[in-house]
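Structure first, then comments.
The values are calculated or read from the model by the stated rules, or taken from the named source; none is laboratory data. Only a predicted model underlies this, so the values are computations on that prediction, with no experimental measurement involved. We place every Cβ from the backbone using ideal geometry, glycine too, and count neighbours over all the protein chains shown.
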Amino acid sequence: MTKNNQSDKDGFTELMFADLIGNSFIFSHNDARWKEKRKACAHAFYKERLVQMIEVLKDKVIESVDKFTQQIKDSNENFTIMDFEGEFSNMLSRNIIHICFGIDLVHERVFLKYEKVKGEGFVEGDFNIPEAIGILLDQMNTSYANKYYNPINWLAPYTKRWMDFSSYYAVYKENCKRTRDFIETFVVKRKKGLIKSSIKQDSDLLSLFLANPEVFSDVDVIDEIVDFFGAASETTQKSLQTIMSHLAKSPESRSKIRAEFLEVVKQEVKARPELAKLSQKELMKELITFDNLKDLEYLSWVWQEALRY
């Protein structure tokens with residue numbers, strides 16, 4: 001069990017991001033402790049868990065489709081205008097949060113300070129958890145740049161620390177504490193059984209972490225949840241946005257994907273005639289499964305091309 005040498009950091013990069021993600025996988029050393037955590041987490045990507053994660057995503061997609069469809073029905077022009085990037089970001093962030101925590105935390109709120117207008121100071125607002133972690137990831141990147149390009153940190157190899165005395169960093173650090181405190185409170189409630197996972201077979205990541213207390217302390221759990229959210233949401237969002245942008249401009253690709261899915265429907269209905277009574281939405285819910293994805297060859301090519309970009 002090994003890790004790319006480029007990811008085996010010297011400790012300074014780890015300290016850069018420690019306020020938010022602590023000692024998580026992403027910047028931890030390739031040592032015995034890392035291997036122990038990696039081995040325990042391997043189960044998160046077994047087929048039986050991935051199957052349940054796909055079901056969570058399908059529910060989020062159907063919910064969004066229903067919202068857009070209703071907006072079209074309610075309009076006089078028979079169309080709706082949507083913030084494409086914003087809607088996908090929100091949907092996918094909620095999906096990752098649900099997979100991490102075991103429930104959709106969209107209605108839970110955290111108070112954070114943020115720049116409503118860039119460069120005009122901070123104001124305080126309340127945000128749901130996907131929004132809050134998204135804001136923190138942006139602030140983390142800005143804080144990283146501020147530290148990295150500050151001449152005082154040229155001494156970091158000797159002082160063994162990064163220094164940042166800016167008001168921006170002070171706000172970011174306080175925001176990290178508020179968010180991590182919220183996550184800690186939620187983790188304690190899950191441990192006490194006060195909150196249950198809504199994902200079948202407890203296939204969420206938090207259930208996996210809590211099932212391995214000898215490997216993951218409460219602090220470790222917080223670190224890994226924030227890490228997973230940041231790593232998974234950014235890559236998924238950008239890849240899907242690339243795909244949807246391509247499909248919006250390529251009728252040929254849209255037709256191929258539709259034809260491929262309709263062929264899967266045709267074969268499934270032939271084998272299970274009762275499916276013919278289902279609506280298009282019900283068919284999507286029923287037939288887009290882990291096992292059927294292998295039959296969507298062209299869609300797989302589109303996805304791999306988006307990842308390449």
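Restricting Arg49, Arg38, Arg33, Arg109 to residues that are basic (Lys, Arg) and in contact (Cβ under 8 Å) with a residue 40 or more places away in the chain narrows the list to Arg49. In region 64-80 there is at least one residue that is under 20 Å from the mean Cα position of the chain (by Cα), under 25 Å from Leu293 (Cα atoms), without any contact (Cβ under 8 Å) to a residue 40 or more places away in the chain and part of a helix (DSSP H, G or I). Yes or no: Lys238 assigned by TED's automatic domain parsing to the domain that holds Arg49, part of a helix (DSSP H, G or I) and either within 20 Å of Gln52 (Cβ to Cβ) or out of contact with any Pro (no Cβ under 9 Å at 6 or more places or on another chain) (or both)? In short, yes. Scanning region 279-289 for residues that are surrounded by 13 or more Cβ atoms within 10 Å (Cβ to Cβ) and either touching a Gly at 6+ places or on another chain (Cβ under 8 Å) or of a type in the set (Ser, Thr, Tyr) (or both) gives a single hit, Thr289. Contact annotation: no residue pair with Cβ atoms under 8 Å, 6 or more positions apart or on different chains, pairs a residue in region 143-154 that is surrounded by fewer than 12 Cβ atoms within 10 Å (Cβ to Cβ) with a partner that is outside any helix (DSSP H, G or I).
Report yes if some residue within region 145-165 is at pLDDT 90 or above, closer than 15 Å to Leu20 by Cβ and of a type in the set (S, T, N, Q); otherwise report no. Break it down stepwise before answering.
Of all residues in region 145-165, those at pLDDT 90 or above come to none.
No: region 145-165 contains no residue that is at pLDDT 90 or above, closer than 15 Å to Leu20 by Cβ and of a type in the set (S, T, N, Q).
Among the residues of region 214-229, those that are touching a residue at least 12 places away in the same chain (Cβ under 8 Å) and either surrounded by 16 or more Cβ atoms within 10 Å (Cβ to Cβ) or not in a helix (DSSP H, G or I) (or both) comprise Val215, Phe216, Asp220, Val221, Ile222, Asp223, Glu224, Ile225, Val226, Asp227, Phe228, Phe229. May I ask you to list the residues in region 258-288 that are within 19 Å of Leu247 (Cα to Cα), without any contact (Cβ under 8 Å) to a residue 60 or more places away in the chain and hydrophobic (A, V, I, L, M, F, W, C)? Within region 258-288, Ala259, Phe261, Leu262 qualify.
All conditions but one from (1) surrounded by 22 or more Cβ atoms within 10 Å (Cβ to Cβ); (2) among the small types (Gly, Ala, Ser); (3) over 27 Å from Phe88 (Cβ atoms) apply to Ala211; the one that does not is (1).
Matching residues to (1) at pLDDT below 80; (2) among the hydrophobic types (A, V, I, L, M, F, W, C); (3) assigned by TED's automatic domain parsing to the domain that holds Asn153:
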position	(1), (2), (3)
Ser24	no, no, yes
Lys37	no, no, yes
His43	yes, no, yes
Ile62	no, yes, yes
Thr69	no, no, yes
Glu85	yes, no, yes
His98	no, no, yes
Val110	no, yes, yes
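From the list Ala248, Ala232, Ala276, the one residue that fits, being within 25 Å of Asn90 (Cβ to Cβ) and loosely packed, with under 12 Cβ neighbours inside 10 Å, is Ala248. Restricting region 290-309 to residues that are surrounded by 13 or more Cβ atoms within 10 Å (Cβ to Cβ) and under 20 Å from the mean Cα position of the chain (by Cα) leaves a set whose member that is nearest to Ile62 (Cα to Cα) is Phe290.
Please state which one of Asp204, Asp220, Asp227 is in the same structural domain as Glu14 (by TED's automatic domain parsing), under 22 Å from Arg33 (Cβ atoms), charged (D, E, K, R) and at pLDDT 90 or above.
Working: Asp204 fails: under 22 Å from Arg33 (Cβ atoms); Asp227 fails: at pLDDT 90 or above.
When all the criteria are applied, what remains is Asp220.
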